[in-house]
Amino acid sequence: MVHTVWKRPKVSLCIVSLLTLCTLMSIIHTPTAFASPAAPDANQKGISWPAGQQLPTFARPGHLDVIDMGEQSAEMQLTLATLEGNINRERPRIYLIEHNAREGATTWLEKSKLPLTTYTDPWKLISKYTHEIRGIIIYDPDTPDTINAATTLAGIKTGIVVHPDMVAKLTAAPYKLPILEDLRGRFKTRLEVVNWEIANLWPQANHRLLFGLAPTAASSIPEDNWKHFQVVAEETNEITNGSNHKVYDIDLSNFLGNESIYVRLQDSFPQGGWGPSVHEVTVKADGQVIAHFIPCSDDEEQYVFDHDSSSCSYGPTDQHRFADGTSYFVYRFTPPADTRQLTISLDMWNEYKISATGIKPEHTSDIGKPFGNLRDYVVANRAMVFWLSANRPSEARLFEQIASQVQPGTPYLGWFDSEPDGVRMLSRHGIYTLAADWFTNLTVHSGIPRANQPPATPATPNLENKIYLTYVASDGDNLQYNEHHMYELWNDPNRGKVPLNWTISPLLRDASPLILNYYQTTATPNDQLIAGPSGMGYFNPSEWPKSNLAVYFEHSRRYLKELGITTVDVLDTQYSPSDAIARAYKDYMNPPGVFYNYDSHGKTSTVAGLPVSLRVHEVNVDRTIEAIKQDSANWDGTSPLFISVQLSAWDTIPARDALKITQALGANYVAVRGDHFFQLYRQANGLPQYHP
């Protein structure tokens with residue numbers, strides 16, 4: 001996940017029936033008071049979910065049956081994940097090892113210290129639990145969105161999701177599982193699938209959670225897939241501000257001779273993450289237009305050969321597709337057979353690398369594979385999962401209909417086709433986001449007890465006439481980042497050498513006490529855990545319903561206080577908070593200050609009595625140092641200056657790079673923790689000292 005600051009027919013949704021409510025209450029207990037997820041009772045079965053607790057607590061696991069998913073097909077991984085969800089609903093007993101986990105395949109399993117039995121044959125694992133499964137749900141490989149419908153059904157009907165090729169084996173001895181639902185041939189489009197889910201499954205589903213998961217994951221593509229492509233245009237300067245925006249005319253005539261021509265667009269500086277942004281495409285064959293479209297529109301789809309992980313931005317005047325870092329996208333154009341000259345005109349900006357070929361690539365990532373990540377949690381909670389665009393009108397309207405049917409404060413787990421549009425839309429409905437689509441074994445993590453041990457806060461240093469710097473590592477609201485990549489960054493040997501603010505999800509308190517405890521107990525005095533955007537979960541404060549903002553902040557405050565977290569990172573659609581939002585943070589969450597958005601230059605100021613710091617953010621260490629120097633160029637040394645710095649978790653190694661920046665700047669610059677940064681700012685500006 002990369003946080004970016006900006007840059008159907010009507011269906012009547014039914015209310016949960018009394019029968020459905022009774023079914024849910026049988027597995028989810030809801031006392032009325034806000035309660036800490038104390039260590040689950042060893043004899044507890046099922047799921048405990050007190051009112052006010054944001055995510056459920058699972059029973060304490062006693063023994064785990066473990067299997068390595070790296071040895072299984074994508075189809076079997078999906079089946080095993082839905083088996084895991086059903087079995088772990090009563091008590092966590094199955095754990096699926098993610099083969100390519102960045103923290104190491106068995107890191108959290110080893111830290112759990114639970115006894116285990118290892119399986120290599122998935123059929124033996126299925127056989128062990130067949131008596132607890134009521135049957136199978138068959139999805140339609142020709143309509144991938146049926147994977148989501150089947151996942152929802154798996155929870156409601158206590159079944160497992162299977163590919164058609166697995167049906168014969170599972171319906172025969174020794175399994176003899178009946179077919180609970182066969183989704184083959186029933187749907188042609190995504191909208192048909194989701195409308196059917198709403199009409200038939202939503203009334204039976206748990207409404208305390210929403211899930212958004214792409215039905216398939218992009219297939220990995222071998223590098224030799226691109227061996228025939230030749231570079232035809234490339235930006236050789238690091239440009240991140242759109243200053244090279246123009247229409248680029250590129251001659252593709254050398255690639256004529258076969259049926260089609262393929263054009264690949266990618267980032268010329270993948271380490272920086274500011275790849276090509278394309279607003280308009282025109283292709284001419286011998287002067288005649290054969291293709292013309294605005295990217296991310298319905299007109300574009302017929303020309304896209306491979307979307308990869310490219311993204312869309314839907315600004316009112318600059319709708320565009322972009323490919324940052326290692327992502328790309330490929331267009332396919334088929335000119336008339338006798339074409340002599342072919343040109344493509346790209347209305348484009350930033351760091352582009354364009355290559356072309358007349359030979360069809362052997363692979364496309366658009367032929368996706370099923371994946372099981374997070375689906376165990378969907379199934380165990382008997383929730384509904386879907387995948388809808390937050391900006392394509394026909395899908396977005398349906399997305400909004402679903403969002404309007406849950407209570408404000410409901411969490412949405414998963415991700416979007418467009419981060420800013422998805423977060424903004426859900427925020428308007430009072431729904432916050434937990435990026436979690438690649439979290440694994442959440443049904444196990446939610447039941448492993450560990451003590452909440454907030455790190456001690458060192459004393460604030462004395463105020464001097466210095467330039468105070470504080471560094472913020474991004475993306476900590478992302479549960480899967482906490483599980484995977486944060487562990488990798490956290491174990492950099494430079495951690496602890498310079499004060500650094502690590503954003504983290506306060507909802508690890510519910511989701512994984514094990515992961516939370518690890519970061520708490522291994523933090524040095526220079527590591528401060530702060531709340532990722534924008535409190536308890538990711539939302540845009542300016543978009544949140546004003547009538548519910550105080551309630552949401554009160555819930556956030558309880559989580560933060562219990563975890564010893566004081567400082568908050570905020571991402572919003574507004575450049576700076578309004579007085580009303582600043583007062584809401586101050587009155588209801590009580591932080592010493594907030595980091596609010598980021599830009600190429602920073603500024604720390606006071607809004608309605610609350611210290612607010614806009615962070616400096618640049619693409620690499622050298623440019624970050626230059627930006628800090630520019631922001632401090634007018635400092636006269638007679639009073640302190642305060643500058644905060646954003647370090648992207650995906651483009652930097654925060655501990656290493658914070659050290660490099662600090663060492664390069666000299667003695668007038670002092671790096672401090674975020675809480676100290678805001679305390680010193682308060683002291684320098686005559687504000688009341690902060691008291692948690």
Top-ranked residue in region 576-609 [being within 30 Å of I239 (Cβ to Cβ) and assigned to a loop (DSSP other than H, G, I, E, B); ranked as least open to solvent (accessible area, probe 1.4 Å)]: G602
Residue within region 484-494 that is under 13 Å from L434 (Cα atoms) and over 17 Å from the mean Cα position of the chain (by Cα) present: no
L213 buried (at least 20 other Cβ atoms within 10 Å of the Cβ) and either of a type outside the set (D, E, K, R) or on the phi > 0 side of the Ramachandran plot (or both): yes
Unmet requirement for G85, which otherwise passes all of (1) in contact with a Phe, Trp or Tyr (Cβ under 9 Å, 6 or more places away or on another chain); (2) open to solvent by 10 Å² or more (accessible area, probe 1.4 Å): (2)
Checking N391 against (1) open to solvent by less than 30 Å² (accessible area, probe 1.4 Å); (2) of a type outside the set (D, E, K, R); (3) touching a His at 6+ places or on another chain (Cβ under 9 Å), the condition it does not meet: (3)
Qualifying position, being among the hydrophobic types (A, V, I, L, M, F, W, C) and in a loop (DSSP other than H, G, I, E, B), among A233, A214: A214
Residue among V161, V247 that alone is of a type outside the set (S, T, Y), out of contact with any helix residue (DSSP H, G or I) (no Cβ under 7 Å at 6 or more places or on another chain) and either surrounded by 20 or more Cβ atoms within 10 Å (Cβ to Cβ) or under 30 Å from T357 (Cα atoms) (or both): V247
Residue count, region 445-476 (criterion: outside any loop (DSSP other than H, G, I, E, B), touching a strand residue (DSSP E or B) at 6+ places or on another chain (Cβ under 6 Å) and more than 24 Å from Y596 (Cβ to Cβ)): 0
In region 329-377, residue nearest to A218 (Cα to Cα) [restricted to those that are hydrophobic (A, V, I, L, M, F, W, C) and touching a helix residue (DSSP H, G or I) at 6+ places or on another chain (Cβ under 8 Å)]: F371
Subset of region 217-230 that is part of a helix (DSSP H, G or I) and open to solvent by less than 40 Å² (accessible area, probe 1.4 Å) - its residue that is nearest to N381 (Cα to Cα): N225
Subset of region 131-154 (residues that are assigned to a helix (DSSP H, G or I) and surrounded by fewer than 17 Cβ atoms within 10 Å (Cβ to Cβ)): H131, E132
Failed criterion for V612 (all others in (1) more than 29 Å from H484 (Cβ to Cβ); (2) outside any loop (DSSP other than H, G, I, E, B); (3) at pLDDT below 95 hold): (3)
Every pair of residues 6+ apart whose Cβ atoms lie under 7 Å, when the first sits in region 519-546 and is within 16 Å of R673 (Cβ to Cβ) and open to solvent by less than 10 Å² (accessible area, probe 1.4 Å) while the second is part of a loop (DSSP other than H, G, I, E, B) and hydrophobic (A, V, I, L, M, F, W, C): I530/I565; A531/I565
Number of positions in region 284-313 that are within 21 Å of the chain's Cα centre (by Cα) and open to solvent by 50 Å² or more (accessible area, probe 1.4 Å): 1
Criterion: open to solvent by 40 Å² or more (accessible area, probe 1.4 Å) and not basic (K, R) - qualifying residue of D421, D437, D475, D417: D417
Criterion (at pLDDT 95 or above, under 22 Å from P144 (Cβ atoms) and part of a strand (DSSP E or B)) met by exactly one of E181, E192, E197: E181
Hits in region 250-281 - residues which are open to solvent by 30 Å² or more (accessible area, probe 1.4 Å) and of a type in the set (A, V, I, L, M, F, W, C): L256, F269, W274
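The values are calculated or read from the model by the stated rules, or taken from the named source; none is laboratory data. Remember, it's a predicted structure, so these values are computed and weren't measured experimentally. Virtual Cβ from ideal backbone geometry, glycine too; neighbours counted across all protein chains shown. With ligands, DNA and RNA removed, areas are computed over all heavy atoms of the protein, side chains included. Shrake-Rupley method; radii C 1.70, N 1.55, O 1.52, S 1.80 Å.
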